[in-house]
1. Scan B:G656, B:G689 and give me the residue that is open to solvent by less than 40 Å² (accessible area, probe 1.4 Å) and touching a Gly at 6+ places or on another chain (Cβ under 7 Å).
2. Filter region A:23-44 down to the residues that are more than 19 Å from A:V106 (Cβ to Cβ) and within 14 Å of another protein chain (Cβ to nearest Cβ) and list them by number.
3. Which residue is farthest from B:T619 (Cα to Cα), if the candidates are limited to region B:44-101 and must be polar (S, T, N, Q) and open to solvent by less than 10 Å² (accessible area, probe 1.4 Å)?
4. Give me the residue from region A:1-22 that is among the aromatic types (F, W, Y) and surrounded by 15 or more Cβ atoms within 10 Å (Cβ to Cβ) and, out of that set, nearest to the other protein chains (Cβ to nearest Cβ).
5. So, in region B:753-772, how many residues would count as being in contact with an Asp or Glu (Cβ under 8 Å, 6 or more places away or on another chain), open to solvent by 10 Å² or more (accessible area, probe 1.4 Å) and part of a loop (DSSP other than H, G, I, E, B)?
6. Could you grab me the full set of residues in region B:702-711 that are assigned to a loop (DSSP other than H, G, I, E, B) and either away from chain A (no Cβ under 12 Å) or open to solvent by less than 30 Å² (accessible area, probe 1.4 Å) (or both)?
7. For region A:193-208, give me each residue that is open to solvent by 20 Å² or more (accessible area, probe 1.4 Å) and over 17 Å from the mean Cα position of the chain (by Cα).
8. Among the residues of region B:730-752, how many are touching a Phe, Trp or Tyr at 6+ places or on another chain (Cβ under 8 Å) and either surrounded by fewer than 22 Cβ atoms within 10 Å (Cβ to Cβ) or outside the structural domain of B:D638 (by TED's automatic domain parsing) (or both)?
Amino acid sequence: MIAFDYHAPESLQEAVRLLDQFAGTARVVAGGTDLMVTCRLRGLGPQHVISLRRVENLDVVRRDEATGRVRIGAFATLRQIERSPLLRERCAGLVEAAHKVGSIPVRNLATIGGNLCNASPSAETAPPLLAAAATVTLTGPGGQRAIPLEQFFLGPGKTALQPNEVLTEVSLLADGAGAASMYERQCIRRFKDIALVGVGARLALDGAGRCQAVGLALGAVAPTPLPVPAAADLLLGQQLSDARIAEVAAAARAAAKPITDIRASAEYRSAMVEVLTIRVLRALREALRN
Amino acid sequence: MESAIESSAQKGVIGSRVGRLTDGYEKVTGVARYGADIEHANCLAGMVLRSEHPHARLRSIDTRRAEALPGVKAVITAADAPQVLHGFTVHDQTIIARERVRYVGEPVAAVAAVDKATASEALRLIRVEYEPLPAVFTPHDALRSDAPLLHPNFAAYESKVPLNRYGNVCCHAKITNGEVARGFDRSAVIIENTFKTPHVHFGYIEPHAVSAAVDGRGFLTVWTSTQAPFVARAALSHTLKLPMHQVRVIGTAIGGGFGGKVELLDEPLAALLAIKARRAVRIEMSMLEDFHVAQARHASEITLKAGISSDGMLQAFEGTVIMDTGAYAGFGPHTTSQAMVLLGSPYRVPHLRFEGFAVLTNKLNCGALRAPGGPQAALACESTIDMLAEKIGMDPFEVRLKNAKRSGDTTPTGCELRAVALEQTLRAAAERFDWRRAVQRPSNGKLRGKGMACGIWGGSGYGAGATVRVNEDGTATVFTGAVETGAGSTIVATQIVAEELGLGVEDVHVVCGDTESTPFDMGAIGSRTTVSTGQALRQAAVDAKRKILQEAAEQLETRLDDLELRGRQVLVKGVPSRAVPLREITTTLTMKHGGPVMGLGACVMELPGFDAATYESHTLPSKPWFTFGTQMVEVEVDPASGDVEIIRFVAAHDVGRAINPVGIEGQIHGAVTLALGQAFSEQLVFQQGRLMNPNFLDYRMPTALETPHIETIIIEAADEESAYGVKGVGEPPVPPVIPAIANAIYNATGARILELPLSPERVWLALQKVAR
């Protein structure tokens, strides 16, 4: 049995105050699809659970006209993300990743903030966000700070959040004007499964078809979702030839540090990094040609 | 194409596509009451403390702190249970661990408290001192001469069947036909391979749930989502040392059984708690608990050596079957015996020799998962047929056709096969699938291939009774001990009774699965309900009809032979004007003379003869009926990732007579889908006897999204021994699925995979080897 005190503050300020008050013994809950499962499996949970359900405007999705980036409130559900016309047009990789999480009932509850704060190495939304140079906004008693997403993940289940901070917003580069993004994964079961390997990529081409910005990140092959800039940089200024794509994929594979567990062997995961990277980059080439 | 559900009124009720009038509304509207939904006044929450050790001596159990916790009403350990052994074939287990635990999850103690939180806290307060013992986790380790023994003297346990038992082997069975050496001498090609399959969970959506209460006389009632209330009653009476008449078992709605809700699990614990607390007690397993203790499908290792002549005639099979049965014999001797029979049954093999070992290991006990032994045997047999066919350059379809068993042939234990339609299913599947057509090579870099497999399955017999009461208003109520597992047995019951009494299915109501108010029935096991219970139901209806017509003959002053029941009326043949509404006759009978109309029926399917000289230490030399099927599948393999997608699936099965085609199609769809899970992703993963994936996250069953359209072909080769000619269909479509897919993957890629599951990684690894 799990028992805890449940708090449902109406403002972010109040949520942060409660977190500060119960520092170390409280967890924030959004959809609860990870937190409650973990509590049940381990048979114990935090003493205090602070729900963000009653805090308004934490799920806003909008395009920042000044920077061209897309901003997503941390409380936006994965279902909301996969159905958002703006995101479908501007963040195809993230939409695809959100779409692949669990089932529709799970996605109706699960939020992007929760997916990131759970800090699973296989978190679906992480690779496309890392590939799109995402930053996260963390709100604490002293105000807000924004950090690059790659600095947010510290290890399985570990993040850069202070005990009295809440992740409130995610911002990422948008597709369009010669840029596109994509996410692919490999599972044991084709649907409703956890990624054995995930690959997110974002490419921006110049007028001559050369890569001018490249983001590439992997899921489930390291203790954290893993950006692989060295592999991505091999494409800078280059045409997307099959040979070049293969080289990038081999570099991504070399950068991955997979383990063997009950889901898959390290050998298979490594091979799939290469297979999926090729698949994603070729698909992006195709998408950007049209 | 399959047509929609029809109204039964237009034509004969038998053979109509009737929808689920009996249990459908309750289930889709959410009012059906499953195991955990049964409410009682002042009901206590029961919880079970389970072993955390795969093998340990129980030094001591201290329950004092748990008993002292406010709100705790009863705590039980082995000290509270009668010293009784029980088991399906061998009586080797107790309802709660006594002196020793043999698997992780074995019950050690149980508590009943005012709520779950208190019960959970009480479990935490029970102090168990374990002395860990050396354990064995694989049959290979268990078979070593120096292996630690799970049971110090297993051979001393009472067994219902004489079994060769020694060490950790709970059954060493043998079957011999002819002389294999001669068969191999005549073979042009001989191959030998070893096939491995893992433990598989039932995957029902409803975890085990039971409640128990004791009345003022001390009589026990148990509500449980069981497939077999009478089996449960007998087992409760035996294990609790209560006279059978003091035990009543009521089957609730079942959220999936598949063989996993036959043997006792928490029922006796709930009963002991209720007896001790003098209050109703409910135990609901979590899915986590259910994964640890439900009686899984046996993991297997089957080595099969086979020889064929150059003209495509099978000459000899020689094989070893090893079943990992877990901590107790459970269904192990049966599964082993069955797999051996199935290995040698689809085809004529003049010389064969099989040895089978059911081996004890420190893991959960294994049971009878839908077609126990079937998929294991079929993977070995049907893969082997394809490999032999390739070696002699013959189409696998031709090899199967040439060697297929026919009516009058026997199983390897000499049991005669009646109304065999293997050839018909082969031809029907090949025609629908267009087997000779070359598979298209896709342009996307993927590989396509086709595969086929046949299967045989034998159903169970045992007793079935039925009572039909024709009510004063001319409707009928059926009483049957067979529970509705979701397979549609109640709608079939209404069809049979409606057919015989000239009623519509909506005129027939079913009372089922209560040991106090319904006649004995062995339960929804072994694909037997429509066959055995169906026969009893038909007899009961015919008996009731006879009584009605006797009264009608007197009233109408006609001969009995001139009367018939049709359209809710008693008709005089050839004289439509003399028709009398049935209700007039039944009202007279009920109110004035003759008494309420009760029809009685009973059935025990006879076991065909067999040849005792062919086997040793074998539990299943004969079964009352067998049936055959053929499946064909086209797959597309992604060589880069090892993903396999099913493009087409055709399943042709002989059901003898289709009482309700829509239900049969559903059974075929369900059985194939269940086997697809085992084919591609399902396996219980153990490390040192501990289950690593006790949840549906890492125990992957197919979802609707991966499940292909399954084309069904119903063949009706009537069995003259059964009512209407029916054969069962619940289990028969399970065995061929996996080998058909394995054969198709080979056809697509050249990679022959001998071990399950055929996960993307395993297929990919096999492809890497082919590439080298």
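1. After applying the criteria, what remains is B:G656.
2. Within region A:23-44, A:R42, A:G43, A:L44 qualify.
3. Within region B:44-101, the first condition is being polar (S, T, N, Q), and the residues that meet it are B:51, B:60, B:63, B:77, B:83, B:89, B:93-94.
If we keep only those that are open to solvent by less than 10 Å² (accessible area, probe 1.4 Å) as well, we get B:51, B:89.
Numbers: B:S51: 31, B:T89: 9 Å.
So, considering only residues that are polar (S, T, N, Q) and open to solvent by less than 10 Å² (accessible area, probe 1.4 Å), the one farthest from B:T619 (Cα to Cα) is B:S51.
4. Looking only at region A:1-22, we keep the residues that are among the aromatic types (F, W, Y), and these are A:4, A:6, A:22.
Within this subset, residues satisfying the condition of being surrounded by 15 or more Cβ atoms within 10 Å (Cβ to Cβ) are A:4, A:22.
Numbers: A:F4: 13, A:F22: 22 Å.
Looking at the filtered set, the residue picked out is A:F4.
5. The number of residues fulfilling the criteria is 0.
6. B:T703, B:P708, B:H709
7. A:L205, A:D206, A:G207, A:A208
8. Result for region B:730-752: 1.
The values are calculated or read from the model by the stated rules, or taken from the named source; none is laboratory data. Remember, predicted model here, so these are calculated numbers, not experimental data. Neighbour counts are summed over all protein chains in view; Cβ atoms, including those assigned to glycine, are modelled from backbone coordinates with ideal geometry. These accessible areas exclude ligands, DNA and RNA; they are computed on the full protein's heavy atoms, side chains included. Shrake-Rupley method; radii C 1.70, N 1.55, O 1.52, S 1.80 Å.
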